[in-house]
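Here, each number is a calculation from the coordinates, and none is a lab measurement. The structure presented is a predicted model; accordingly, all values stated were derived computationally and were not measured. Methodologically, a virtual Cβ is constructed for each residue, glycine included, from the backbone with ideal geometry; neighbour enumeration extends over all protein chains shown.
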Amino acid sequence: MGLGLHFDAQSFIAGLLAFVVAVTIHEFMHAYTAYRLGDPTAARLGRITLNPVAHFDPFGFLMLVFLLVGGVGLAWGRPVPINPANFRDPKRGMLLTAAAGPLSNLVQAAVFALPLWLAPAAVQGWPPFAVRLLEQLILINVLLAAFNVIPIPPLDGHKILTGLLPDFWYPILAPLERQGFLILLLLIFLPSFLPGPLHINPIGAIAGPVQEILVRLVIPAGFR
């Protein structure tokens, strides 16, 4: 079983299902962590739930379809609204709430990889679609964990970095939130139109090594 996003009917359906599972738990953990730390905003909007409908973003899902078909782009669930003013410690609250998302993806990847560690021979005998779904559940969660810790807004990594740095940096980094999504899109898509040496995806350059480390931690050598 080789881990990878190969476009065929089974991979496409498995990718959709895996993404829904991964993002639902990711957003749930944002909402639940915020609530436990004192912010009821997401709870009042019904976001502390494992019902995928509550976390569904139509445009983000459409972008997922393009991502699975074309192999480039990004996809997302509906962001969880957070009001830092409700936290007992706003800086720590935002840090922990942001970290809960990618951490949940790492935990999911580790849990779904357990059959590869405990019963590798049995996995080889599973129906092809079950194997493909397991592949995607592991891979997409690893990808989301690696991608979301990039310190560029609106990704969780930006909030994590802001929470870790001294307060001096907050007024410098916080304004980036307003233009963050545009910056992220440019970094993902612009290199495709640039010549030669400039044809380098900085997002992949940052997330790639993190993804490789996580893959080595989560997946047995014989299945990589």
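So if I check each of ILE160, ILE183, ILE152, which one is closer than 23 Å to LEU103 by Cβ and without any contact (Cβ under 8 Å) to a residue 60 or more places away in the chain? Steps first, answer last, please.
Details: ILE160 fails: without any contact (Cβ under 8 Å) to a residue 60 or more places away in the chain; ILE183 fails: closer than 23 Å to LEU103 by Cβ.
After ruling out the rest, the residue left standing is ILE152.
Looking at ALA174, ALA205, ALA146, which one is farther than 23 Å from LEU96 by Cβ and not acidic (Asp, Glu)? I'd like the intermediate steps shown before the answer.
Values: ALA174 fails: farther than 23 Å from LEU96 by Cβ; ALA146 fails: farther than 23 Å from LEU96 by Cβ.
Of the residues listed, the single one that is farther than 23 Å from LEU96 by Cβ and not acidic (Asp, Glu) is ALA205.
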Residues being touching a helix residue (DSSP H, G or I) at 6+ places or on another chain (Cβ under 6 Å) and among the hydrophobic types (A, V, I, L, M, F, W, C) - total across the stretch 135-188: 16
Sole exception among (1) exposed (fewer than 15 other Cβ atoms within 10 Å of the Cβ); (2) within 23 Å of VAL107 (Cβ to Cβ) for TYR170, by number: (2)
Selected residue (only one of PRO79, PRO90, PRO102 is within 23 Å of ILE152 (Cα to Cα) and buried (at least 19 other Cβ atoms within 10 Å of the Cβ)): PRO102
Cβ pairs under 8 Å, 6+ apart, first in the stretch 31-59 and farther than 22 Å from ALA75 by Cα, second surrounded by 15 or more Cβ atoms within 10 Å (Cβ to Cβ) and hydroxyl-bearing (Ser, Thr, Tyr): THR33/THR97; ALA34/THR41; ALA34/THR97; LEU37/THR97; ASP39/THR97; ALA43/TYR35
Residue among ALA100, ALA113, ALA22, ALA18 that is of a type outside the set (Lys, Arg), in contact (Cβ under 8 Å) with a residue 60 or more places away in the chain, touching a His at 6+ places or on another chain (Cβ under 9 Å) and under 23 Å from VAL210 (Cα atoms): ALA100
Total residues in the stretch 154-185, condition within 19 Å of PRO209 (Cβ to Cβ) and assigned to a helix (DSSP H, G or I): 6
Failed condition for ALA146, given (1) surrounded by fewer than 17 Cβ atoms within 10 Å (Cβ to Cβ); (2) within 22 Å of PRO209 (Cα to Cα); (3) of a type outside the set (Ser, Thr, Tyr): (1)
Tally of residues being in a helix (DSSP H, G or I), more than 14 Å from the chain's Cα centre (by Cα) and small (Gly, Ala, Ser) across the stretch 53-99: 4
Any chance ALA122 is within 26 Å of ALA207 (Cα to Cα), aliphatic (A, V, I, L, M) and in contact with a helix residue (DSSP H, G or I) (Cβ under 9 Å, 6 or more places away or on another chain): no
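Residues are listed down the side, and each one gets a yes or a no for (1) touching a Pro at 6+ places or on another chain (Cβ under 6 Å); (2) assigned to a loop (DSSP other than H, G, I, E, B); (3) surrounded by 15 or more Cβ atoms within 10 Å (Cβ to Cβ):
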residue	(1), (2), (3)
ILE152	no, yes, yes
SER192	no, no, no
ALA207	no, no, yes
GLN211	no, no, yes
LEU214	no, no, yes
Of residues in the stretch 41-74 being in contact with a Lys or Arg (Cβ under 9 Å, 6 or more places away or on another chain) and farther than 20 Å from ILE13 by Cβ, the one surrounded by the fewest Cβ atoms within 10 Å (Cβ to Cβ): THR41
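Might you check whether a residue that is within 20 Å of GLN136 (Cα to Cα) and of a type outside the set (A, V, I, L, M) occurs anywhere in the stretch 29-36?
no
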